[in-house]
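**Q** Would you mind keeping the following structure in view while I ask a few things?
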Amino acid sequence: MAVQPDQTSVLQAAASTSSRGDWLIAGLLTLSFTLSYIDRQVISLLVQPIKASLGLSDTQLGLLQGVSFSLFYVAATLPLAWLADRGNRPVIMAACVAGWSVMTMLCGAAMNFWHLLLARAGIAIGEAGLPGAALTIMADRFDPRRLASATSVFMLAPFIGGGAALVGGGALYAASAAWQMPILPGIGQLERWQLVFILLGAPGLLVAAALLLISDPRRGRGPLPRENRTNLPGFLRREWRFVGPYILAIALTSMLLSTYVSWLPAAMIRAHKVDELSVGVMFGPVFFLAGAAGTLIAGIIVSRGSSRDPVGFTLRFMRTSIAILWPIAIAGPLMPTLTLELVLMGLALFLISSVIGMSTLPLQFVAPKHLRAQAIAFLGMIAALIGTGFGPLIAGVLSDHLTFSAQPLSMALSLIAAVSAPFSVLMLYAAGRRHARVAAAPLASGALH
């Protein structure tokens, strides 16, 4: 029976409403992811007052921003992803957002290195559960062509959050100089950096409540067919020639980004003799605009150019971006003026974001549907271990030991870029060759259609 004109208009209106609802959900998920980066990264702007208050070394601060965070992130990632592949994803995400928000506020109660380390570990555990659940919900709601755009929007979060942490954290820290600091029982009068953590952690509790209003599109579909019950280790064994070098390439790129996020504000403060507010006001917008532009432009390019071979096109795009990045990332931290450093680091962040913004997309196409959250989580786990874990720590250790340099922290950032970028290009090339040998189509039978 033919569909009558009035029926057609009703169907079109329903589809339009559904599309708007999908984008609203994508927006809420992006907001949640953004808050995770605000809570994770605001410590980078507060390095100097925390160091002075608690008497910490750069190595200890590297541990707080790196290994102590990443180890707990890694430990929680796969269990929470396994739960997301089987349970109610909105409830899981809400619990994670509420958990890391409370732990961010507890950073404001820290009185020594160990208090701050435990609170940072709690933030890491909460944040580990969000990306896999959120990205798989979007994969269930968006068709393959729209998924690249939706993913690019979601992956704006690191740069929106990082920029907001710098600008908002810097503004809060500066404004708090005129405030009467509150007194908390058992802690005493708060210092300004402690109050910043408390104020930035609180909004996440409201966002956690909003996530409970989302419906899970997967609920009620019944058990998986027997042929689709491949587990994550089996998938990784089957596709290791592609997955191994690909994940290592993304982890190395994440290491460079994490190092910048953790140490660039402090490097600028030390090299150019500016304060936290000035760095927040100047570097925050650069971080946000460069990261957002790179992520969105990458989404547009990949969505338009990858219809026949999304995996191969994405890999070539990433490889080109990192090759261009290499000399810029080496020179950027060593510029003699803050203006030149901001320009070059903006270009570097633009290129890094174009890679990170699309980093989950190949796995969305390659992994079977029932393993997507776990595959994305495995990527995040390795990226956290190598990138978030060792990047900031290596930079801190180098900064403490590069005594021949007038600006050891800036030199450390340059050296890390010099090594990580070319190796990332080689790994992407290896993954691309493996993909080309198999086919110009997605590698797994459970890929998107």
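Coordinate-derived values only; no laboratory data. None of the values given here were measured: they were computed from a predicted structure. All Cβ positions, even for glycine, are placed from backbone atoms using ideal geometry, and neighbour counts span all protein chains on display.
**Q** Using label points projected 7 Å from each Cα along Cα→Cβ, tell me how many nm separate Val91 and Ser57, to one decimal.
**A** 4.7 nm
**Q** Here is a follow-up. Quick one: if you stick a label point 7 Å off each Cα along the C-beta vector at Leu213 and Asp400, how many nm between them?
**A** That separation, rounded to one decimal, is 4.8 nm.
**Q** Here's a follow-up. Along region 123-140, what does the Karplus equation 6.51 cos²θ - 1.76 cosθ + 1.60 (θ = phi - 60°) give for ³J(HN,Hα), rounded to whole Hz, x for Gly and Pro?
**A** Ordered by residue, 3J(HN,Hα) equals 4, 4, 4, x, 5, 5, x, 7, x, x, 5, 5, 5, 6, 4, 5, 5, 6 Hz.
**Q** So how do Glu276, Glu239 line up by other beta-carbon neighbours within 10 Å, fewest first?
**A** Arranged by neighbour count, lowest to highest, Glu276, Glu239 become Glu239, Glu276.
**Q** Something else now. Gap in Å between the Cα centre of region 160-219 and the Cα centre of region 83-120?
**A** Here the two parts' Cα centres lie 13 Å apart.
**Q** I need Val42, Val67 ordered by Cβ neighbour count within 10 Å, fewest first.
**A** Neighbour counts put them in this order, fewest first: Val67, Val42.
**Q** Still on this model: Sorting check: for 421-432, 55-66, 126-137, 203-214, which peptide has the highest mean count of neighbouring beta carbons within 10 Å, and how do the rest follow?
**A** Details: 421-432: 20.3, 55-66: 21.8, 126-137: 27.7, 203-214: 16.6.
Top of the packing list down: 126-137, 55-66, 421-432, 203-214.
**Q** Let me ask you something else. Hey, what angle do you get for helix 192-201 against the long axis of the chain, alpha-carbon based, 0 to 90 degrees rounded to 10?
**A** Between helix and principal axis, roughly 10 degrees.
**Q** Additional query: Full extension from Arg237 to Met111: what is 0.36 nm times the residue separation minus their Cα-Cα distance, to one decimal in nm? Display every interim value, and only then the final one.
**A** Working: separation 126, 0.36 × 126 = 45.36 nm, distance 4.58 nm.
So the chain would gain 40.8 nm between Arg237 and Met111.
**Q** Sticking with this one: Any chance you could give the angle, 0 to 90 degrees and rounded to 10, that helix 67-84 forms with the longest Cα principal axis of the chain?
**A** 20 degrees
**Q** What order, most packed first, do the peptides 159-165, 71-77 have when packing is the mean number of other Cβ atoms within 10 Å of each residue?
**A** With the highest mean Cβ count within 10 Å placed first, the list reads 159-165, 71-77.
**Q** Could you give the length gained on full extension between Arg433 and Leu184, defined as 0.36 nm per residue of separation minus the Cα-Cα distance, in nm?
**A** Answer, rounded to one decimal: 83.8 nm.
**Q** Using only helices, what value at 222 nm comes out for the chain when you add -39,500 (n - 2.57) per DSSP H run of length 4 or more and divide by the total residues, to the nearest 500 deg cm²/dmol?
**A** -25500 deg cm²/dmol
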